[in-house]
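Written below as structure tokens is the structure these notes are about.
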Amino acid sequence: MSWIITGTQKVPPTVWDPNFLNVSLLLHGDGTNGSTTIVDSSSSANSVIANDGAQISTAIADPFGNNTGVIAFDGSGDYLSVPDSTDWDVSGDYTIEFWANHGSSGGAYTKGYLGTNSISGTSGFAIGHYVGNLSIRTASSLVSSTGAPITSSVWNHIAIVWGSSTLKGYVNGTEVLSTTAYTTSTAVPLIIGNFNNLDANRYYNGYIDDLRITKGVARYTSNFTPPTAPFPDI
């Protein structure tokens, strides 16, 4: 594990984030413009594959004003895939969060931020936006936010949290949906930029930055202030 240097002392990531060892995926999207090398900076070091035209872009500043790179999707076949892993088994507490900046409200179809490559039985989940609203789909339910649209063409912090038998969705730190109707997921491939068998109508058009999945921890239980700096890593 590498260390964060502050002043003359070295500080491990667990000081900045006590739940760092529970992080199973962390994509900063940093790198050279046009690069298809997407690094998982979590301790799991998952292999991330860029498909079609998904790539790093430095043409737009990240949510913190840096031009160090974000992950870009053109809405027409671009996606990232991460192989099968028990890390995507969301049978206990967990938190999925990321920054999104999309150029379309979604039209007649939910556009996929991320989800499992299949949703059936008691397996699978998907997170997306539909006509400006946050939408969460599982094998047994579909729930969308109301009255708190996700604004297009600006950075929005999205967080999905399962804890105390309740699933909550937050946009920019404000709770926008809550449900107890939810199913667990088994180890299946993870898709970023689409979901569930890569439906041609659901490709995401926009940017994603600082995507973090924390397994076993419900990081947010009420309204909160979104992060003001990139997440710490190894």
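Structure data summary
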| read-out | value |
| --- | --- |
| The stretch 52-104, subset of a type in the set (Gly, Ala, Ser) and not in a loop (DSSP other than H, G, I, E, B), residue nearest to the chain's Cα centre (by Cα) | ALA100 |
| Members of the stretch 210-234 that are within 23 Å of ASN67 (Cα to Cα), in a loop (DSSP other than H, G, I, E, B) and aliphatic (A, V, I, L, M) | ALA229, ILE234 |
| Considering residues of the stretch 93-132 that are touching a Pro at 6+ places or on another chain (Cβ under 6 Å) and over 21 Å from PRO189 (Cα atoms) only, the residue modelled with the lowest pLDDT | GLY132 |
| Residues satisfying the stated conditions in the stretch 205-234, i.e. in contact with a strand residue (DSSP E or B) (Cβ under 7 Å, 6 or more places away or on another chain), among the aromatic types (Phe, Trp, Tyr) and modelled with pLDDT of 95 or more | TYR207, TYR220 |
| Residue match in the stretch 110-126 (condition: under 23 Å from ASN172 (Cα atoms), touching a residue at least 60 places away in the same chain (Cβ under 8 Å) and in contact with a helix residue (DSSP H, G or I) (Cβ under 9 Å, 6 or more places away or on another chain)) | yes |
| Filter pass, VAL90 being of a type in the set (Val, Ile, Thr), at pLDDT below 90 and either touching a His at 6+ places or on another chain (Cβ under 9 Å) or over 21 Å from THR214 (Cα atoms) (or both) | no |
| Qualifying residue in the stretch 40-50 (condition: at pLDDT 95 or above, under 13 Å from the mean Cα position of the chain (by Cα) and closer than 26 Å to GLY173 by Cβ) | yes |
| Members of the stretch 128-169 found to be closer than 28 Å to PRO83 by Cα, buried (at least 19 other Cβ atoms within 10 Å of the Cβ), β-branched (Val, Ile, Thr) and without any contact (Cβ under 8 Å) to a residue 60 or more places away in the chain, listed by number | ILE136, THR138 |
| Hey, ILE136 at pLDDT 95 or above and within 14 Å of the chain's Cα centre (by Cα) or not | no |
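For every residue, the table says whether it meets (1) modelled with pLDDT of 95 or more; (2) surrounded by 15 or more Cβ atoms within 10 Å (Cβ to Cβ); (3) under 30 Å from SER164 (Cβ atoms).
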| position | (1), (2), (3) |
| --- | --- |
| SER2 | no, no, no |
| LYS10 | no, no, no |
| VAL15 | no, no, yes |
| LEU26 | yes, yes, yes |
| THR32 | yes, no, no |
| ILE56 | yes, yes, no |
| GLY69 | yes, yes, no |
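The values are calculated or read from the model by the stated rules, or taken from the named source; none is laboratory data. Everything numeric here is computed off the predicted structure, so don't read it as measured data. Don't worry about glycine lacking a Cβ; one is built from the backbone with ideal geometry, like all the others, and counts go over all protein chains shown.
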